[in-house]
1. Given the condition surrounded by fewer than 14 Cβ atoms within 10 Å (Cβ to Cβ) and within 12 Å of the chain's Cα centre (by Cα), answer yes or no: does some residue in region 64-85 qualify?
2. Output the number of the condition that K81 fails; it satisfies all remaining conditions of (1) farther than 24 Å from F59 by Cβ; (2) part of a helix (DSSP H, G or I).
3. Between a first residue in region 84-105 that is closer than 18 Å to N35 by Cα and a second residue that is open to solvent by 80 Å² or more (accessible area, probe 1.4 Å), which pairs have beta carbons less than 8 Å apart while being 6 or more apart in sequence or on different chains?
4. Within region 34-51, can you find the residues that are under 20 Å from Q105 (Cβ atoms) and open to solvent by 70 Å² or more (accessible area, probe 1.4 Å)?
5. From A116, A106, A131, grab the single residue that is within 31 Å of the chain's Cα centre (by Cα) and open to solvent by less than 90 Å² (accessible area, probe 1.4 Å).
Amino acid sequence: MKTHTEKAPRSRLHGIKLAALALGSSLILAGCAGNPPSEQYAVTQSAVNSAISAGGTEFAAVEMKSAQDKLKEAELAMHEKEYEKARRLAEQAEWDARLAERKAQAAKAERALQDARQGVQELREEGMRNAQ
């Protein structure tokens with residue numbers, strides 16, 4: 001009988017904790033919706049700059065244009081106090097920029113590999129000529 005009475009307060013306490021957690025989460029999310037996504041915007045701007053430095057405009061032009069366009073749209077949304085839209089656009093722009101950076105790095109690595117193969121081929125040919 002004691003076990004039955006001990007479980008009731010514990011489950012009631014558990015329910016109260018869950019309700020408090022749900023209420024707290026709702027308040028936090030509501031508060032975030034009203035704040036400008038300044039941190040996300042800064043992260044995105046940094047990602048765009050890194051992609052440009054990596055050669056994204058040359059090797060991943062489509063992704064770079066998408067990132068830059070979305071970043072501009074995010075900035076406009078922030079000015080219009082549409083913070084959730086601005087946050088979403090900034091996140092999308094960040095991922096587009098990161099993709100552009102990776103594509104640029106891959107293209108540069110491929111170019112370096114081709115140059116190295118060409119150099120090896122030229123050395124082989126020169127070695128064959130010297131051996132004759």
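1. no
2. Only one criterion is unmet by K81, namely (2).
3. L89/E73
4. If the condition is that a residue be under 20 Å from Q105 (Cβ atoms) and open to solvent by 70 Å² or more (accessible area, probe 1.4 Å), then N49 is the only one that fits.
5. It is A106.
The values are calculated or read from the model by the stated rules, or taken from the named source; none is laboratory data. All values derive from a computational prediction rather than experimental measurement. Positions of Cβ are backbone-derived with ideal geometry, glycine not excepted, and every protein chain shown enters the neighbour counts. Remember, those area values only see protein heavy atoms, side chains included, never the ligands or the DNA or RNA. Shrake-Rupley method; radii C 1.70, N 1.55, O 1.52, S 1.80 Å.
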